Amino acid sequence: MLMSDTRAWLEIDLSKISHNVKEIQKLLPSTSKIMAIVKANAYGHGDVACAKELSRCGIDFFGVSSVDEGISLREGGIREPILILGYTPPVHFHQVIQHDLIQTFLSLDYAKKANAWCKEHGVIMHGHVKVDTGMSRLGIITQQQDYRIEEVKEVYHLPHIAVDGIFSHFSVSDGLAEDTKAYTRKQIMLFDQVLKDLEDAGIDVGIRHLQNSYGILNYPDLKYDYVRPGLLFLGATSDDAIDTITHPDFQPIMQLKANISMVKTIQPGVCVSYGRHFTSERISCIATVSIGYADGYPRSVSNKGACALLHGKRVPIIGNICMDQMMLDVTDIEHVKEGDVVTLFGCDGDEKLPIDELTRLAQTINNETFCWMSARLPRIYK
């Protein structure tokens with residue numbers, strides 16, 4: 001790959017991570033630390049680059065989704081503890097040990113498999129046990145309807161694995177309606193009950209963590225050992241239209257840019273792009289931009305009012321977005337030429353185009369929009 005700011009690329013300002021980390025820390029009790037979640041290539045931002053910058057900011061724990069993501073960090077030089085939040089197939093247990101990773105024990109049966117494998121190979125696998133307080137995804141069920149605390153205790157007592165921590169996951173911590181707040185408070189209550197029952201049984205629970213990004217923003221006073229932000233240190237939330245209890249000054253670190261490859265003048269009545277969804281009503285100046293849905297810009301926002309920035313002004317994207325290209329109506333912008341830089345989200349002069357605008361047009365969340373950013377886009381770090 002050409003690591004160059006030509007054709008199409010992502011600009012990532014790592015220097016802003018320090019500011020965003022400080023904004024998170026302002027919200028937290030002094031006893032709570034940050035476990036930075038850098039799964040999915042740090043939501044498309046670059047896992048190793050972000051983790052190294054976070055390490056320089058004093059972050060001493062990382063979370064990933066899978067064993068291969070943990071290996072990527074290790075091979076990139078990251079030495080801090082790394083928790084695999086998801087499932088590792090038993091055939092890859094040796095990779096967990098070899099790369100000194102921490103595995104989530106997501107059920108009693110799974111923990112028993114890990115224990116048996118460790119006994120056979122004469123090793124100890126470190127991990128955190130996950131309890132399901134209301135997400136109904138991974139974890140030993142510890143809900144009001146089915147509270148399996150004895151299974152959690154049994155995991156702690158397995159002799160060939162070492163349980164160093166325990167965690168759960170909020171499902172609606174982004175909601176401020178009374179029923180959603182009540183549901184989140186119930187999850188907190190259940191997690192605290194699990195901790196009490198384990199401690200009453202003489203079990204050292206280890207590291208405790210519960211809050212995801214919205215858990216931090218809306219429940220900052222919880223006093224567990226770690227919190228698990230993902231998008232926050234990248235300067236974003238899932239949707240900036242969602243209100244939160246706290247309002248930190250986060251600074252987005254990613255911008256999406258591309259070059260104009262051709263400029264042409266078309267006459268009234270001329271169609272643009274596949275499907276003939278745009279027809280010019282005047283003599284128009286059309287710029288073709290060297291980026292498309294193969295780069296991660298969603299085709300689903302075609303003809304829905306999406307725009308870009310050019311020469312510090314907003315210009316409409318017209319017609320269907322193609323695999324490798326899109327077209328802009330730049331009739332009202334002077335002196336447009338091949339090679340000019342177009343901003344698809346980010347800043348151009350004083351004009352801002354937040355990723356949230358693209359996300360809302362695509363009817364999704366910023367987490368997904370970031371993850372759409374293709375591997376063929378060079379990440380240019382500043």
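Could you name the aspartates and glutamates in cross-link range of Lys39, using Cα to Cα under 14 Å and dropping any fewer than eight places away on the same chain?
Hits, sequence-local ones excluded: Asp47, Asp68, Glu69, Glu368.
Straight-line reach from Lys26: which aspartates and glutamates fall under 16 Å, measuring Cα to Cα and dropping same-chain residues less than 8 apart?
Asp221, Asp225, Asp249
Can you tell me how much longer the chain between Asp146 and Asp200 gets when fully stretched, taken as 0.36 nm per residue apart minus their C-alpha distance, in nm with one decimal? List each step's numbers first, then the result.
Working: separation 54, 0.36 × 54 = 19.44 nm, distance 1.99 nm.
The span from Asp146 to Asp200 would gain 17.4 nm if fully extended.
Using the basic label-point model (7 angstrom from Cα toward the beta carbon), what is the Asp332 to Cys271 distance in nanometres?
It works out to 2.6 nm between the two label points.
Could you work out how far apart the two model spin labels at His92 and Asp68 are, taking each label as a point 7 Å from the Cα in the direction of the beta carbon, and quote it in nm?
0.7 nm
Hey, what does the equivalent ellipsoid look like for segment 58-199, semi-axes from the Cα gyration tensor as sqrt of 5 times each eigenvalue, largest first, whole Å?
Working: eigenvalues 153, 74, 27 Å².
The equivalent ellipsoid of segment 58-199 has semi-axes of 28, 19, 12 Å.
Can you compute log10 of I(q)/I(0) for segment 243-317 with the Debye formula, treating each Cα as one identical point scatterer, at q = 0.24, 0.25 Å⁻¹?
-1.40, -1.47
Specify the longest stretch of the chain that does not include any exposed loop site, a site being one of the GluC sites (Glu not before Pro) with a non-H, G, I, E, B DSSP assignment and at most 10 other Cβ atoms within 10 Å.
Numbers: sites that count: Glu281, Glu334.
Looking at the chain, 1-280 is the longest stretch - no exposed GluC sites (Glu not before Pro) with at most 10 other Cβ atoms within 10 Å.
Within segment 152-172, which residues have the backbone N less than 16 Å from the label spot 7 Å out from Tyr183 along Cα→beta-carbon, could you tell me?
It comes to 169-172, nothing else.
How much length, in nm to one decimal, is gained on full extension between His311 and Ile245, taken as 0.36 nm per residue of separation minus their Cα-Cα distance? List each step's numbers first, then the result.
Values: separation 66, 0.36 × 66 = 23.76 nm, distance 3.67 nm.
Extra length available between His311 and Ile245 comes to 20.1 nm.
Only one of the values [x] 23.9, 80; [y] 24.8, 91; [z] 21.3, 76 was calculated from this structure for Rg and Dmax of the Cα atoms in Å; name its label.
Read-out taken from this structure: [x].
Below 8 Å between Cα atoms, with a sequence gap of 6+, how large is the relative contact order for the chain in percent? Working shown, then result.
Working: 813 pairs, mean separation 73.3, N = 382.
Relative contact order, the chain: 19 percent.
Mind giving me the nanometre distance, one decimal, between the label points for Asp324 and Gln25, set 7 Å out from Cα along Cα→Cβ?
Reported label-point gap for Asp324 and Gln25 is 4.6 nm.
Under 21 Å between alpha carbons, and skipping anything fewer than 8 positions from Lys352 in its own chain: which lysines qualify?
Lys16, Lys257, Lys304, Lys313, Lys382
State the Kirkwood hydrodynamic radius of segment 143-205 in Å, one decimal place, computed from all pairs of distinct Cα atoms.
On the way: mean 1/r = 0.0763 Å⁻¹.
The Cα-based Kirkwood calculation yields 13.1 Å.
Translational diffusion coefficient of segment 54-104 at 10 °C, 1.306 mPa s, Stokes-Einstein with Kirkwood Rh over Cα pairs, in µm²/s as a whole number.
Values: Rh = 10.9 Å.
Answer, rounded: 145 µm²/s.
Count neighbours as other Cβ atoms within 10 Å of each site's Cβ, and list the trypsin sites (Lys or Arg not before Pro) in segment 262-336 that are DSSP loop with at most 16 such neighbours. Please list the in-between numbers first.
Values: sites: Lys264, Arg276, Arg282, Arg299, Lys304, Lys313, Arg314; in loops: Arg282, Lys304.
The qualifying sites are Arg282, Lys304.
For segment 254-381, what ratio Rg/Rh do Cα atoms give with a Kirkwood hydrodynamic radius?
0.94
Calculate for the chain the 222 nm mean residue ellipticity that helices alone would give, adding -39,500 (n - 2.57) per DSSP H run of length 4 or more and normalising by residue count, nearest 500 deg cm²/dmol. It would help to have the intermediate numbers written out before the result.
Numbers: 11 runs with 109 residues, N = 382.
Result for the chain: -8500 deg cm²/dmol, rounded to the nearest 500.
Values quoted throughout were computed directly from the atomic coordinates according to the rules given, and no laboratory measurement underlies them. The model shown is predicted, which means the values in this text are computed figures rather than measured ones. Reconstructed Cβ throughout: ideal geometry from the backbone, glycine too, with neighbour counts over all protein chains shown.
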